[in-house]
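The values are calculated or read from the model by the stated rules, or taken from the named source; none is laboratory data. No experiment lies behind these values; they were computed from the predicted model shown. For neighbour counting, all protein chains shown are included, and Cβ atoms are generated from backbone atoms with ideal geometry for every residue, glycine included. Each accessible area value is taken on the protein alone, full model and side chains, heavy atoms only, with ligands, DNA and RNA left out. Shrake-Rupley method; radii C 1.70, N 1.55, O 1.52, S 1.80 Å.
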Amino acid sequence: MSARTIMHIDLDAFFVAVEQVLHPELRGKPVAVGGRADQRGVVATASYEARKFGLHSAMPLSTARRLCPQAIFIPGNFTEYRAASRKFMAILADFSPFLQPMGLDEAYLDVTGFESLHGSARDMALRIKRRVKDDIGIVASVGIAPCKVVAKIASDESKHDGLIEVRRGEEAGFLAPLDIGKLPGAGKRTEDALRRAGIETMGDLARMPVESVLSRFGAFGGVLHGYANGIDDREVLPPGEAKSISRETTFQEDTRDKTFLAAILRRQTERVGADLRRMEKQAKCVGIKVRFSDFTTISRHRTLAQNTDTDAAIFEVGFDLLKRAVAADRRAVRLLGIEVSSLSEPSTQLSLLDGDQRRLHNLDQAIDRIRLKYGFDAIETGRTIRLKKRA
Ligand code: TTP
Ligand code: MG
């Protein structure tokens with residue numbers, strides 16, 4: 001994974017901030033958007049002045065009114081919020097085309113390589129904050145980091161009107177003291193389960209051996225464990241861009257067993273292939289990702305001669321990439337993943353495909369139907385049967 005610089009930008013008290021632009025008399029006052037206090041319903045957002053009284057998003061309006069009777073309650077005006085959101089996203093797009101909006105008031109921006117154009121990433125963030133303030137009249141908080149999850153947590157931590165930059169190598173240290181509840185992706189139930197296991201901070205989770213995280217919390221625990229260590233390979237994906245489909249597996253124990261790796265790759269391929277066929281797409285590019293025991297991560301991609309949606313074609317390329325990637329390497333493998341990308345609608349009619357492709361496509365589809373009915377593990381192919389024995 002090459003070095004990246006990712007920003008997460010989030011507007012402060014967004015709905016309220018728009019209301020305060022439209023109605024300047026609301027500035028500096030406790031304000032809550034989410035209906036009149038005599039109505040049922042919840043607070044969508046509260047101004048920072050109102051938050052001092054304990055008001056927050058999703059709080060019942062009746063509670064909000066009890067805590068802060070002097071607060072001004074506003075029903076909300078989504079047309080205005082959407083207009084402000086469009087202006088906000090347009091400002092961000094001036095700084096980098098790699099923009100991924102997440103709802104109305106937040107976005108990721110991959111600014112890798114654009115820094116020199118605007119000075120440093122920090123300079124860029126300051127200019128973004130200034131333009132949002134000048135052009136829309138709203139305050140933005142920004143996190144800068146080498147990956148999405150750390151950028152997001154940094155912008156959260158920086159509020160109000162903040163800017164935090166976390167440099168490469170500082171991620172785990174920055175996260176360690178933070179409460180586990182602040183880890184994005186961990187819902188309330190996961191959070192409770194983590195706390196029951198004695199995990200109160202992100203550092204507690206980061207320090208836990210990965211095998212015990214996996215056995216207690218499953219594959220998702222592995223993802224959260226990576227996040228807590230500041231590891232997150234997710235890309236900033238502009239909307240509508242042909243996305244990729246991928247699967248990855250973190251192993252309970254690091255492994256050098258090539259046959260096992262091939263079996264895992266085959267199983268991942270079958271999952272990815274099934275998704276591809278369900279979406280009625282074909283892929284032009286196949287890639288693999290390998291993370292070694294020392295956390296070094298490599299990815300290898302290859303463009304295919306012909307678009308495909310068959311497991312056999314995807315696996316053939318993935319397997320070849322894997323062999324080359326691990327052949328000369330003596331390190332054990334911690335994580336393996338496969339990805340198909342450059343997705344498109346099938347360009348040729350199925351009947352025009354060559355006979356082999358068509359037979360494979362039909363076979364895969366027949367297997368997909370059985371799996372849909374009886375579960376994914378109802379059918380094991382030659383390579384994956386090994387995994388069943390192992391489990
Ligand atoms: P957030 O960015 O979560 O909250 P915020 O912008 O109000 O405050 P801050 O970022 O400074 O902490 O959500 C953006 C908007 O989405 C928010 O203004 C209102 C709306 N929203 C709801 O309608 N319901 C909710 O539960 C939440 C969290 C947000
Ligand atoms: Mg916000």
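Exposure check, 1.4 Å probe, all protein chains in place: residue 171 carries approximately 20 Å² of accessible surface.
Helical content alone sets the calculated 222 nm signal of the chain at -13000 deg cm²/dmol, taking -39,500 (n - 2.57) per DSSP H segment of four or more residues and averaging over every residue. Given a 1.4 Å probe and the protein chains as shown, residue 295 ends up with an accessible area of around 90 Å².
Heavy-atom accessible surface of residue 15, to the nearest 10 Å², is about 40 Å², with a 1.4 Å probe and all protein chains retained. Think of the chain as having a plus end and a minus end, set by charges on the Cβ of Lys, Arg, Asp and Glu; of 45, 301, 136, 301 sits farthest toward the positive end of this dipole. Per residue, the convex hull spanned by the alpha carbons of the range 162-243 comes to 133 Å³. Once the Cβ-Cβ distance of residue 204 and residue 362 is raised to the sixth power relative to R0 = 51 Å, the FRET efficiency obtained is 0.50. With kT/(6 pi eta Rh) evaluated at 25 °C and eta = 0.890 mPa s, and Rh the Kirkwood radius from Cα pairs, the range 244-390 diffuses with a coefficient of 156 µm²/s according to Stokes-Einstein. Rounded to the nearest 20, the Cβ-based charge dipole of the chain about its Cα centre (Lys and Arg +1, Asp and Glu -1) stands at 840 debye. The magnitude of the dipole of the range 113-204, with charges of +1 and -1 set on the Cβ of Lys/Arg and Asp/Glu and taken from the Cα centre, is near 220 debye. Applying 1/(1 + (r/R0)^6) with R0 = 25 Å to the Cβ-Cβ distance of residue 3 and residue 182 gives a FRET efficiency near 0.50.
So which of 182/373; 243/373; 148/373; 133/243; 152/281; 284/323 end up more than 30 Å apart, counting from Cα to Cα? Pairs exceeding the cut-off: 182/373; 148/373; 133/243; 152/281.
When both the range 70-132 and the range 1-63 are represented by their alpha-carbon centers, they are found 17 Å apart. Look at the dipole of the range 58-175 built from charges on Cβ: of 155, 121, 98, the Cα furthest out on the positive end belongs to 155. Packing order of peptides 181-192, 371-382, 201-212, highest average first: 201-212, 181-192, 371-382 (average count of other Cβ atoms within 10 Å over each peptide's residues).
Multiplying the residue separation of residue 344 and residue 134 by 0.36 nm and subtracting their alpha-carbon distance yields 71.5 nm. The length gained on full extension between residue 56 and residue 216, counted as 0.36 nm times the residue separation minus their Cα-Cα distance, comes to 54.3 nm. Dimensions of the range 1-168 from C-alpha coordinates, computed as largest minus smallest value along each principal axis and given longest first, are 54, 27, 22 Å. The calculated pair-distance distribution of the chain uses every alpha carbon pair, bins of 10 angstrom beginning at 0, and gives 5, 19, 24, 24, 17, 9, 2, 0 percent. Considering only the Cα atoms of the range 124-200, their convex hull presents on average a projected area of 5.9 nm².
The simple Förster model, with R0 at 25 Å and r as the Cβ-Cβ distance, assigns residue 90 and residue 42 a FRET efficiency of 0.25. Sorting 123, 232, 356, 105 by solvent-accessible area of protein heavy atoms yields 356, 123, 105, 232, largest first, with a 1.4 Å probe.
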